[in-house]
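First up is the structure itself, then whatever we jot down about it.
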Amino acid sequence: MENKAWIYFSTTATNLICLILGAASGILAARFLGPEGRGELAVISYFPALMGSIFPLAVPQALTFFISKDRNRQAEFATAGFKISVVLGILGSAIFALVSPRTLAENNRHLSWAVALVCLAAPAMVVNPHLYAIQRGMERFNWVNGMLILTAMGYLFLLLVLCWLNIVSPLLVALSSLLLQMIISALHVWRLGFSTIRCSIGRQTYTECLILGLKFFLPSLALTIFVISDRAILIRTATMEEIGYYSVAFSIAFPLSLVNEVFAQIGFVEIASEHYKGTSVALVVRRFQMAQMVAIVAALMVLPIINPAIRYGFGEEFLAAVPITQLMVAALSLRGLSRSLEFSLRAKNFWQPGIISGVLALVSLVGLSLMWVPAGGVKSFAFALLCAEIISLAILIFSAQRFLKANFYEFWGVRPKILIGLINSVISALKLRVT
């Protein structure tokens, strides 16, 4: 992978831009809809997002793995991945449209028809992860970054259009977001070229993608269920207003888990394509060290602005979300670190730690929620989530130490040397880009 410093820098910058645009979109949605309407939007949009997390079956990661490993078969895997994604997307939409409305609680059952409608309109939520994975495997990181920024800008633009037309509603906001996902899918297909996704391939290529995808799916499923369990629990136990507060906190804190998406996605390609064991192990440790510094810097930037951002951005009616947001910032920063390390281990073909950490974190979250939430509400739930994230990360670190035969000290990245290394990498990347 050429010019790795620039790839990491540009992708980190992209995530920060998306963070800012996402915060602006979250503020507008909260302003336009209010606490209850924001809670309804969270419920309606939850199920397409859940479908997009589960139904790819980790095939996207298998595609990135194969394409980065074997350059001669890129077109074959791209074709197989695209066709698999379309089938899975249609299947997922149909199943979720039938099942999702039946999982709603009594206080939000009036949203059943809206949930079914958005699920039917959501195949792109499954197709897009495959297309992004193909582009990453081909090392088209600038294109990926451009599409991520375009998506964030597009969502903000659509919110403003709905406001201008005076037709803002939770359902229309959710449908507009899905329309944007369809447009992004079309742009990906155009960039890949129709010849790339229509080449002649045998059944073996489909089999390879599905088998490795299912192998990756076990740890992916465990982590996915843990990640989406927060909203599932709240949909069953909280009022629309409480879900609205949580959604505001989540919209501010969630980008912090994406900041380290750079080290998860690009690191997976980098480590999977490395053939020398010693080098790949050093890469795993080094990327995790750097991810810690990025997470700390990002969290320290966000924490001081939480109160003014909610007070003057979302509005004073959302001030109850401030303590929830503070806990969520810590929890989702740890989630970003866990994701980075778990992806690196999976690139080394160590998939067991992801399953163990995901399952135990989920059990911890459910157990703590049952004990604390009835009396403490959403704030107690956020603290339970923080505890579960600590457990998840601890398990992954202990597993990495065992599988990689590294010292625990090597995983500690909060050091001046790491910070200086990050700064030098950024300077080098900018110099290379300018010249």
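Some points to look at:
- Short-range pairs are left out: with C-alpha atoms under 8 Å and at least six residues apart, the relative contact order of the range 264-357 is 46 percent.
- Based on C-alpha pairs under 8 angstrom that are at least 6 apart in sequence, the chain has a relative contact order of 23 percent.
- For the chain, a Gaussian network of Cα nodes joined below 10 Å ranks Ser176, Ser247, Ser333 by mean-square fluctuation, and the top entry is Ser176.
- Of the residues Thr239, Leu41, Asn107, the one whose Cα sits farthest toward the positive end of the charge dipole of the range 4-434, with +1 on the Cβ of Lys and Arg and -1 on the Cβ of Asp and Glu, is Leu41.
- Rounded FRET efficiency, nearest 0.05, which uses the C-beta distance separating Leu91 from Thr207 and R0 of 30 Å: 0.95
- In the elastic network of the chain, a GNM with C-alpha springs shorter than 10 Å, the most mobile of Ile228, Ile184, Ile420 is Ile420.
- Candidates Phe408, Phe217, Phe350, ranked by Gaussian network fluctuation over the chain, Cα under 10 Å, top entry: Phe408
- From helices alone, the chain scores -28500 deg cm²/dmol at 222 nm; the rule is -39500 (n - 2.57) for each run of n ≥ 4 DSSP H residues, then divide by the residue total.
- In units of the compact-protein estimate 2.2 N^0.38 Å, the chain shows a Cα radius of gyration of 0.95.
- Fewest-first sequence of Thr237, Thr325, Thr79 by Cβ atoms within 10 Å of each Cβ: Thr237, Thr79, Thr325
- Difference of contour (0.36 nm per residue) and Cα-Cα distance, Ala282 to Ile356: 24.3 nm
- Given +1 at the Cβ of Lys and Arg, -1 at the Cβ of Asp and Glu and no other charges, the dipole of the range 293-380 around its Cα centre is 300 debye to the nearest 20.
- Taking Glu208, Glu242 and counting other C-beta atoms within 10 Å, the order from fewest to most: Glu208, Glu242
- Computed E for Ala406/Asn166 - FRET, C-beta separation, R0 56 angstrom, nearest 0.05: 0.45
- Cβ-based net charge around Gly34, under 14 Å, with every Lys or Arg adding one and every Asp or Glu removing one: -4
- Cα gyration tensor, the range 298-434 - rounded (a/c under 1.5), prolate or oblate: oblate
- Student exercise, the chain dipole from Lys, Arg, Asp, Glu Cβ charges, in Debye to nearest 20: 1140 debye
- Ranked by the mean number of other Cβ atoms within 10 Å per residue, highest first, peptides 155-162, 311-318, 8-15 order as 8-15, 155-162, 311-318.
- Ranked by how many other Cβ atoms sit within 10 Å of their own Cβ, fewest first, the residues Met301, Met182, Met240 fall in the order Met301, Met182, Met240.
- Once the Cα-Cα distance is subtracted from the 0.36 nm per residue extended length, the Val189 to Trp113 segment shows a gain of 24.2 nm.
- Net charge over other residues, Cβ less than 11 angstrom from the Cβ of Phe65 (K, R count +1; D, E count -1): +2
Where a number appears in this text, it was derived from the coordinates with a stated rule and is not lab data. All values derive from a computational prediction rather than experimental measurement. Here Cβ is always computed from backbone atoms with ideal geometry, including for glycine, and neighbour counts include all displayed protein chains.
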